[in-house]
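Heads up: the structure comes next, in structure tokens.
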Amino acid sequence: MVLQPGNKLFGNRYTIIRKLGEGGFGITYEAKKSDGSSVVIKTLKDELLYHPNFKQFQDKFQGEALALAVCKHPHIVQVDNFFQEGNLPYLAMEYVIGEDLQGRVQRKGILPETEAISYIQQIGEALSFIHTEKGLLHRDVKPNNIVLRRSNREAVLIDFGLARGFIPDMTQQMTPLHTPAFAPPEQMMPNGRYGDYTDVYALAATLYFLLTNTLPTAAPWRALNHPLKPPRQINPKISAPVHQAILEGLAMEVHKRPQSVREWLKLIPSAKKTVAVLATDDLSSAKGVDYSRLRDLLKVGKWQDADTETAARMLEAAGREEEDWLWHEHIDNFPCKDLRTIDQLWVKYSEGRFGFSVQAKIYRSLGETRSYDEKIWNAYADRVGWRKQGHWVNYSNLIFNTTAPLGHLPRGAYRCGWFGWFWRVMVAGEALFSRIRTCKV
């Protein structure tokens, strides 16, 4: 059966919060540990119990757990636990809050070269680690298997469902599962010649996508004389060294590719400066607002003071300091640059727990509406801890630390309008979430 919110697992160590998604074989959930931290729990679908190949699916699932368990690296998702409940195996993993690279490109379009390189460099380091230290191939590197942490925008490699041990440069029998645009030709065959260069191809294909917003021609089509379109024909801004690195990484013949990820990364200009730039706080404002005090308060964890500062700076950005309130039309025209700056600071210093984008994601999951819907809004308030047992929590009784529920803060910014405290919160909430979507925060 599909697990429901509130279901307990592994001796009450984990409490199911919601279903995150499902694929052909597995299903994933968000869950809370007994200490209040969030994890992702992955398991097999119930219907596979009656499949004649259930043992094979179970072994594959366990293989992913073991592969992840031995890979302790900052750019690889971490395993929390592996256990059996009833007849099904369960894998509890770190919950990496953020967007994947596929979603980022869909939202922003072609990425700047320096930004794309920084992500590829980080994932390249993770792949080099699993190749040289663990003797594993990932075999499923692609944009939607790379997630950017909201807290610091570091790239994290997830989903080791196809990871396998390998003997470098030897012909081996492996299940030919793949994502066509990102898989090399040797991965299309059950008996392929595998090596580090197998993941090199996928990493180069990922960089191709980030810099062109276009899927590279799949290897089977290229084998049938449908050539790969050079990335610079799509995006002329790609530098010559990066363009050449992509083409070499996507070579059809394995001997023409760089033989390791480290060798391939040497073809690409260093991304170290880029990483430093990305790590710097962006305090930009379309209205000349100074967000340095908000940053400083968040940096030292003064959450209540930061909440008050957020409301004050939003009034300043909207030009409503004298009136001391915002209405729909003010929020509908709130500068996107300022909304993005405020959100990024909250997300970064709360390590992804707080921020408008975190709140908007929760609200969307409950059936987002532009106009006030009491049922949805109450469900949202219950989820983020603004209501308890059907009653709204007074502002002074909110939790101003990181043990608070996901999305609990900021809160002061919602106290906008003149029709009374509850009405102000209700009205501002839907308008703000709508603006967050419009601004692509």
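Against the condition more than 15 Å from Thr28 (Cα to Cα), among the aromatic types (Phe, Trp, Tyr), modelled with pLDDT of 85 or more and outside any loop (DSSP other than H, G, I, E, B), how does Tyr90 come out, does it pass? No: the conditions fail for Tyr90.
Results for (1) over 30 Å from Gly36 (Cα atoms); (2) crowded, with 16+ Cβ neighbours inside 10 Å; (3) under 28 Å from the mean Cα position of the chain (by Cα), shown as yes or no for each residue.
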{"position": "Val300", "(1), (2), (3)": "no, no, yes"}
{"position": "Gln304", "(1), (2), (3)": "no, yes, yes"}
{"position": "Asp307", "(1), (2), (3)": "no, yes, yes"}
{"position": "Gly319", "(1), (2), (3)": "yes, no, no"}
{"position": "Asp324", "(1), (2), (3)": "yes, no, no"}
{"position": "Trp327", "(1), (2), (3)": "yes, yes, no"}
{"position": "Gly355", "(1), (2), (3)": "no, yes, yes"}
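The residues listed here are Pro335, Pro241; of these, the one that is of a type outside the set (Ser, Thr, Tyr), loosely packed, with under 13 Cβ neighbours inside 10 Å and in contact (Cβ under 8 Å) with a residue 12 or more places away in the chain is Pro241.
Look at (1) touching a strand residue (DSSP E or B) at 6+ places or on another chain (Cβ under 9 Å); (2) surrounded by fewer than 23 Cβ atoms within 10 Å (Cβ to Cβ); (3) modelled with pLDDT of 90 or more and you find that Ser118 fails only one, number (2). If I filter segment 307-314 for residues that are at pLDDT 90 or above, under 25 Å from Arg153 (Cβ atoms), out of contact with any Ser or Thr (no Cβ under 9 Å at 6 or more places or on another chain) and of a type in the set (Asp, Glu), do I get at least one hit? Taking every residue of segment 307-314 in turn, at least one turns out to be at pLDDT 90 or above, under 25 Å from Arg153 (Cβ atoms), out of contact with any Ser or Thr (no Cβ under 9 Å at 6 or more places or on another chain) and of a type in the set (Asp, Glu). The residue that is modelled with the lowest pLDDT, counting only those in segment 338-355 that are outside any helix (DSSP H, G or I) and of a type outside the set (Asp, Glu), is Gly352. For Leu215, the conditions (1) assigned to a loop (DSSP other than H, G, I, E, B); (2) at pLDDT below 95; (3) not β-branched (Val, Ile, Thr) all hold with the exception of (2).
So, Glu323, is that one of a type outside the set (Gly, Ala, Ser), closer than 14 Å to Thr341 by Cα and in the same structural domain as Ser434 (by TED's automatic domain parsing) or not? Here the answer is no, as Glu323 does not meet what is asked.
Condition check ((1) part of a strand (DSSP E or B); (2) modelled with pLDDT of 90 or more; (3) touching a strand residue (DSSP E or B) at 6+ places or on another chain (Cβ under 8 Å)) across all residues:
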site	(1), (2), (3)
Ile27	yes, no, yes
Glu30	yes, yes, yes
Phe57	no, no, yes
Asp80	yes, no, yes
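Pick from Arg139, Arg107: which is touching a residue at least 12 places away in the same chain (Cβ under 8 Å) and surrounded by fewer than 22 Cβ atoms within 10 Å (Cβ to Cβ)? Explain how you work it out, then say what you get.
Values: Arg139 fails: surrounded by fewer than 22 Cβ atoms within 10 Å (Cβ to Cβ).
The match here is Arg107.
Selection of segment 218-234 for residues being crowded, with 18+ Cβ neighbours inside 10 Å and of a type outside the set (Gly, Ala, Ser) yields Leu228, Pro231, Arg232.
Taking the stated definitions as given, is Leu44 at pLDDT below 80, among the aliphatic types (A, V, I, L, M) and not assigned by TED's automatic domain parsing to the domain that holds Phe129? Judged against the criteria, Leu44 is not a match.
The values are calculated or read from the model by the stated rules, or taken from the named source; none is laboratory data. Quick caveat: nothing in here was measured; it's all calculated off a predicted structure. When we count neighbours, we look across all protein chains shown, and the Cβ atoms used for this are built from the backbone with ideal geometry, even at glycine.
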